Structures are given as C-alpha cells and as structure tokens.
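Remarks on the structure that follows.
The values are calculated or read from the model by the stated rules, or taken from the named source; none is laboratory data. If you're wondering where the values come from, they're calculated on a predicted model, not measured in any experiment. No Cβ is skipped: glycine too gets one built from the backbone with ideal geometry, and neighbour counts run over all protein chains shown. Accessible surface is based on the protein model in full, side chains and every heavy atom, while ligands, DNA and RNA are left aside. Shrake-Rupley method; radii C 1.70, N 1.55, O 1.52, S 1.80 Å.
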Amino acid sequence: MSSPSHPNISRQSPWKLLGRAVLLRCPNCGRGGLFTGFFKMRERCRHCGILLERGESDYFIGAYTLNLIAVEILLAIGFLIVVVVTWPDPPWDALQYGGVILSILGAVLCYPFAKTTWLAVDLMFRPPHREDFITRVK
C-alpha cells in the first residue's frame with residue numbers, strides 16, 4: 001500500500017463517488033483491488049489507505065439493506081416486463097419459482113456492488129477525515 005503523506009480528504013462529487021463504487025473501485029481515490037475474494041473486502045484501500053469500514057462493527061448493515069432494495073427493484077422490473085410481454089396468459093409458475101431463484105442469485109451477485117456503493121454514500125454524507133487513514137489497533 002502506498003499511503004500518500006497527505007491523503008485526499010476533500011469533498012468529492014456524489015456522481016464521481018457513485019461511479020467509482022459501481023465499478024468496484026475505491027470511491028475515495030478511484031483505484032481497484034478492494035476485494036481479496038468475492039465476499040471479502042480489504043481493511044483499507046491499497047492505494048489511498050482509507051479504512052473501508054468507517055465506524056462501527058456493524059457498518060455494512062446499510063450495504064445489506066441497499067443490496068436488498070436493489071434486488072427487489074430488479075425483480076419487480078423483471079416481473080412487470082414478463083407480465084406485460086406475455087399478457088393475457090403470464091407464466092405464473094415460472095414467475096414464482098424463477099423469482100425465488102433470481103432473488104437468491106441477485107443478492108449474491110449484487111453484494112460487492114452494494115458494499116462499495118454504501119461506502120460511497122457514506123463518503124457523501126461524512127467526507128473522509130484524517131482519522132480514516134490512521135492505522136487502528138484492535
């Protein structure tokens with residue numbers, strides 16, 4: 001990790017933060033490599049050094065909520081498209097079982113995006129402070 005001597009603590013554009021997050025990049029600096037696996041996020045960004053869990057131990061409950069909302073919206077849109085296209089005889093059984101399968105797959109596939117997006121939302125409301133770049137002793 002190359003931590004700059006003066007980390008960027010300026011307020012950034014919400015669109016820039018969200019754009020970086022959707023690309024699974026650090027919302028603060030725009031660099032990648034935030035994940036060590038599909039579900040495991042690093043403790044801090046390898047480039048700028050910002051802590052990726054900013055605050056409490058249950059920091060990412062917001063990410064879980066964001067993930068749930070995103071998956072439900074995608075399912076609702078998919079449901080409406082199938083019903084409109086196949087009206088007057090929609091495949092109710094396929095919608096029911098397919099919805100269960102898609103909700104599980106959607107929750108898993110959207111998980112990393114929800115974590116980075118939640119970090120971006122947090123940075124919008126609480127811009128980084130110098131303490132976010134200091135190594136904490138647990």
Legend entry - Label-point separation in nm, Y64 to F35, each point 7 Å along Cα→Cβ: 1.8
Inset, instruction - Give the long-range amide H neighbours of G49: residues separated by 5 or more places, or on another chain, with amide H under 5 Å away, using H modelled in the peptide plane at 1.01 Å from N. - result: none
Legend entry - the chain, accessible area per residue, ligands and nucleic acids excluded (1.4 Å, Å²): 64
Legend entry - Rounded percent of accessible protein surface that carbon and sulfur make up, region 59-133, 1.4 Å probe: 77
Legend entry - D_trans [Stokes-Einstein, Kirkwood Rh over alpha-carbon pairs] for region 73-133, 37 °C, 0.692 mPa s, µm² s⁻¹: 229
Inset, instruction - Hey, for a label at S103 modelled as a point 7 Å past Cα toward Cβ, could you say which residues of region 61-87 have their backbone N under 18 Å away? - result: 64-83
Legend entry - Vicinal HN-Hα couplings computed from phi for region 84-90 (Karplus, 6.51 cos²θ - 1.76 cosθ + 1.60; Hz; Gly/Pro x): 5, 5, 9, 4, x, 10, x
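Write out the GluC sites (Glu not before Pro) in region 1-107 meeting two conditions: DSSP loop, and at most 10 other Cβ atoms within 10 Å of their Cβ. Intermediate values should be presented prior to the final figure.
Details: sites: E43, E53, E56, E72; in loops: E43, E53, E56.
Passing sites in region 1-107 are E56.
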Inset, instruction - Quick one: plug the Kirkwood hydrodynamic radius of region 1-96 (C-alpha pairs) into Stokes-Einstein at 10 °C, 1.306 mPa s, and report D in µm²/s. - result: 97
Legend entry - Amide H partners (placed H, <5 Å) of R44, local residues excluded: L52
Legend entry - Karplus-derived HN-Hα couplings along region 36-42 (A = 6.51, B = -1.76, C = 1.60, θ = phi - 60°), whole Hz, x at Gly and Pro: 9, x, 5, 10, 9, 9, 5
Inset, instruction - For region 8-46 and region 101-117, write down the distance between their C-alpha centroids in whole Å. - result: 17
Inset, instruction - Could you pull out every residue, at least 5 positions away or on a different chain, whose amide H is within less than 5 Å of the one on R31? Hs are placed 1.01 Å off N in the peptide plane, and Pro or chain starts have none. - result: C26
Legend entry - ³J(HN,Hα), Karplus 6.51/-1.76/1.60, whole Hz, each residue of region 119-130, x for Gly, Pro: 4, 5, 4, 4, 5, 5, 8, 10, x, x, 10, 4
